[in-house]
1. Given (1) modelled with pLDDT of 95 or more; (2) farther than 18 Å from K132 by Cα; (3) in a strand (DSSP E or B); (4) of a type outside the set (K, R), identify the lone condition not met by N92.
2. If the requirement is being open to solvent by less than 60 Å² (accessible area, probe 1.4 Å) and within 20 Å of K12 (Cα to Cα), which of these qualifies: A133, A108?
3. Given the condition among the aromatic types (F, W, Y), crowded, with 17+ Cβ neighbours inside 10 Å and in contact with a helix residue (DSSP H, G or I) (Cβ under 8 Å, 6 or more places away or on another chain), answer yes or no: does some residue in the stretch 5-16 qualify?
4. Mind checking which pairs have a first residue in the stretch 1-13 that is modelled with pLDDT under 90 and a second that is open to solvent by 80 Å² or more (accessible area, probe 1.4 Å), Cβ under 6 Å, 6 or more apart or different chains?
5. Open to solvent by less than 20 Å² (accessible area, probe 1.4 Å), touching a strand residue (DSSP E or B) at 6+ places or on another chain (Cβ under 8 Å) and assigned to a loop (DSSP other than H, G, I, E, B): does that describe D99?
6. Which of the numbered conditions does D118 fail, given that it passes all the others? Conditions: (1) touching a helix residue (DSSP H, G or I) at 6+ places or on another chain (Cβ under 6 Å); (2) farther than 22 Å from N45 by Cα; (3) open to solvent by less than 20 Å² (accessible area, probe 1.4 Å); (4) not hydroxyl-bearing (S, T, Y).
7. If the requirement is being under 20 Å from P48 (Cβ atoms) and either modelled with pLDDT under 95 or out of contact with any Leu (no Cβ under 8 Å at 6 or more places or on another chain) (or both), which of these qualifies: P117, P123?
8. I'd like the residue in the stretch 28-55 that is within 17 Å of N68 (Cβ to Cβ) and surrounded by 11 or more Cβ atoms within 10 Å (Cβ to Cβ) and, out of all such residues, is farthest from the chain's Cα centre (by Cα).
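The values are calculated or read from the model by the stated rules, or taken from the named source; none is laboratory data. In this text the structure is predicted, and so the values were computed from the model without any measurement. Methodologically, a virtual Cβ is constructed for each residue, glycine included, from the backbone with ideal geometry; neighbour enumeration extends over all protein chains shown. Heads up: the accessible areas ignore ligands, DNA and RNA and are worked out on the full protein's heavy atoms, side chains in. Shrake-Rupley method; radii C 1.70, N 1.55, O 1.52, S 1.80 Å.
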Amino acid sequence: MARLTENPFYQKVLKFIEENDLQALPCGKHVIDEGNLWVNIVETNLRPVEQAKLEVHDDFIDIQMPFNCSESYGVKGRSFCQQPVGVMDKANDIMFFDDAIETIITKAPGEMTIFEPDIAHAPLIGEGAIRKAIFKVRVV
């Protein structure tokens, strides 16, 4: 994982968080730096681990933060993923894997998790409804 000082967009994320009440933002995409950095505020349902799919991105880093409840994520080193589902969708910068989820991490409301391109991640594991922020940070 790159150090936080190596990507200038990380500092913009921290500044945006400092200057905005993320929980008060309406659902949808909020552009911070056109083409390089934005945050999606989403409300959706969590799912059982059996329904979660590992995903990876090439061009953007995910920084995810749950607001109202804990969220679990399946994680696996991208280089260890062996069962791709199709190819990289370059337009949406996403590719999925059918690999088993062997490691799960859980974040409490307000805790951030950073998923760089070398980490496959399966978000939205748990029960109930969630409101969260997903920052998309351009890889530099």
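1. Result: N92 passes all but (3).
2. Going through A133, A108 in turn, just one is open to solvent by less than 60 Å² (accessible area, probe 1.4 Å) and within 20 Å of K12 (Cα to Cα): A133.
3. yes
4. Listed pairs, sorted by first residue: none to list.
5. Answer is yes for this residue.
6. In the conditions (1) touching a helix residue (DSSP H, G or I) at 6+ places or on another chain (Cβ under 6 Å); (2) farther than 22 Å from N45 by Cα; (3) open to solvent by less than 20 Å² (accessible area, probe 1.4 Å); (4) not hydroxyl-bearing (S, T, Y), D118 misses (3) alone.
7. Selected residue: P123, the only one of P117, P123 that is under 20 Å from P48 (Cβ atoms) and either modelled with pLDDT under 95 or out of contact with any Leu (no Cβ under 8 Å at 6 or more places or on another chain) (or both).
8. Looking at the filtered set, the residue picked out is R47.
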